[in-house]
Amino acid sequence: TYIVGVCNKRDRNAGPFLAGDRMTLDNILELIAIGARTSERRRRELDSIEQISRIAAQDSPEAVANAIVQQAVRLTHGRYAELWAVNKHHAQLDFVTAFHEQQPNWLPSQTVLFLNEETLGGYVALHQRSHYAATIDPKHRYGHGNPSVQSAFCVPLRFNDQTLGVLFVASDLSDGINRDERRFIEQLAPHAAIALHNARIQTIRQQVIGFV
C-alpha cells in the first residue's frame, strides 16, 4: 500500500462536514487513486518493454532472455521466472534462463521438462495457450519441482505459427499473480519468442561455419 496523493476539501458555507459528504469524497478519492495507480503501473510496463527493446537492438539473444525473466518478476508478484525452449527432436523443453527475486544464482531443480501435461510448461507448450494455476498442490509437478510454488502463470512463446518455448512465472502465494500482471507477462511473450528464434538462427550459423 502506498499514497498516490492528498486531497483537501474546503467549503465556503459554515456547517458540519456530513457523513454523506465524506462518503462522496471517499468514493471520488478512491477512483482518483485507482486511476493514478493504473497510470503508474502502465508507465512502468512501457518502460520495461522499451528497455527490453533497447537490449534486443544492441545485445545478444541471451541478454534479451535474461532481461525478460527479470522484468517478469520485478513487475509482478512472482517469486521467480523461467524461460524454456522447445526441443522437438527429443520431445522436451530445455531450460534457457531464470531469475529469482531473492537468490541471484538460483537455478531450477531440473533443466529438462517432458512435453506432456504433467508440468505446467509442458501443458502450455502442447496446447499452445496460456494457463494460470491459481493454486498448486506441493505434490503436483505444475510447480516444476519447487514445493514452495503456490501459483503460477505460463505463456507459450510463438513465432511464425510455431511454439518455440514457454515463459513460466511462479509465486509463493496462492492466487499470487493478478490479472494485470498476467496481461503484462503476455506482452513479454512476443519479445521472448523473438529472442529464442534469434538464438536458434545464431546456433545454425555457427554450425554452418563449423562445417565450412
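The values are calculated or read from the model by the stated rules, or taken from the named source; none is laboratory data. In this text the structure is predicted, and so the values were computed from the model without any measurement. Virtual Cβ from ideal backbone geometry, glycine too; neighbours counted across all protein chains shown. The protein model used for the area step is the full one, side chains on, heavy atoms only, and it has no ligands, DNA or RNA in it. Shrake-Rupley method; radii C 1.70, N 1.55, O 1.52, S 1.80 Å.
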Task: Flag for GLU62 being part of a helix (DSSP H, G or I), modelled with pLDDT of 65 or more and among the charged types (D, E, K, R) - done: yes
Task: Residue that is most open to solvent (accessible area, probe 1.4 Å), among those in the range 76-97 that are within 22 Å of ARG179 (Cβ to Cβ) and part of a loop (DSSP other than H, G, I, E, B) - done: HIS77
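Please determine whether any residue of the range 176-190 is farther than 15 Å from ALA85 by Cβ, crowded, with 20+ Cβ neighbours inside 10 Å, β-branched (Val, Ile, Thr) and more than 14 Å from the chain's Cα centre (by Cα). Break it down stepwise before answering.
First pass over the range 176-190, keeping only residues farther than 15 Å from ALA85 by Cβ: 176-188, 190.
The next check asks that each one be crowded, with 20+ Cβ neighbours inside 10 Å; those that pass are 176-177, 181, 184-185, 188.
Narrowing the set further to residues that are β-branched (Val, Ile, Thr) leaves 177, 185.
Cutting the leftovers down to more than 14 Å from the chain's Cα centre (by Cα) gives us none.
No.
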Open item on the list: Which of the numbered conditions does GLN150 fail, given that it passes all the others? Conditions: (1) within 29 Å of ILE201 (Cβ to Cβ); (2) modelled with pLDDT under 95.
Closed with: (1)
Open item on the list: Any residue that is in contact with a Cys (Cβ under 8 Å, 6 or more places away or on another chain), open to solvent by less than 10 Å² (accessible area, probe 1.4 Å) and not in a loop (DSSP other than H, G, I, E, B) - is there at least one of those in the range 98-116?
Closed with: no
Open item on the list: Anything in the range 52-75 that is in contact with a Lys or Arg (Cβ under 8 Å, 6 or more places away or on another chain) and open to solvent by 10 Å² or more (accessible area, probe 1.4 Å)? List them, or say none.
Closed with: LEU75
Task: Conditions (1) outside any loop (DSSP other than H, G, I, E, B); (2) open to solvent by 10 Å² or more (accessible area, probe 1.4 Å): number failed by GLY122 - done: (2)
- [ ] Could you please give the count of residues in the range 141-163 that are assigned to a loop (DSSP other than H, G, I, E, B) and over 18 Å from VAL69 (Cβ atoms)?
- [x] 4
- [ ] Please work out if ARG141 is without any contact (Cβ under 8 Å) to a residue 12 or more places away in the chain and more than 30 Å from ILE201 (Cβ to Cβ).
- [x] no
